[in-house]
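First comes the structure, then the notes that go with it.
The values are calculated or read from the model by the stated rules, or taken from the named source; none is laboratory data. Everything quoted here is computed from the prediction, not taken from an experiment. Glycine also receives a Cβ, built like all others from the backbone with ideal geometry; neighbour counts cover every protein chain displayed.
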Amino acid sequence: MRGIGRLLIIAGAVGTLFAGPALAQQKAVPDDARVYIIWPKDGQVINGGKMWVRMGARNVGVAPAGVDRENTGHHHFIVDSELPPFDEPIPNDPNNLHFGKGQTEVRLELPPGRHTLQMLLGDDRHIPHNPPLFSKQITIIVPE
């Protein structure tokens, strides 16, 4: 795992970390459900490193953490890291950002460098679904 240096979450990344193994089975979602990054685009150059990240979902609902509804979850953003295990709660650390209020956009600031971003949907307990819903990993560049 690469370090990302200073990462500022300007608007609303929140979540609760559930310790230990998954407390119950992974929740199902429709086979045609998808999550995706609307903006930034792959290869985007972000001068100054400040950006609004916009997240999308298709055929699955977005709800705050703790809300147990069929075919819903909330977004997590994986920054400069690989996807975590799918059968455990998603970590809550500088590389795994939780959007537990059900946010679909957030303002981030990244330090200069090349960064990877990827979304992963988690259920009401921050556990990925079955099948897991994750976006394509994109790369963005923040110039010096």
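Odds and ends about this structure:
- Residue in the stretch 111-130 that is of a type in the set (G, A, S) and within 18 Å of W52 (Cα to Cα) present: yes
- Every condition in (1) surrounded by 12 or more Cβ atoms within 10 Å (Cβ to Cβ); (2) at positive phi; (3) modelled with pLDDT of 95 or more is met by G43 except one, and the failing one is (1).
- Wholly within the stretch 25-144, strands (runs of 3 or more DSSP E) carrying at least 2 residues that are in contact with a strand residue (DSSP E or B) (Cβ under 7 Å, 6 or more places away or on another chain) and polar (S, T, N, Q): 113-122
- Residues (over 12 Å from the mean Cα position of the chain (by Cα), within 22 Å of N130 (Cβ to Cβ) and surrounded by fewer than 20 Cβ atoms within 10 Å (Cβ to Cβ)) located in the stretch 76-107: P85, F86, D87, E88
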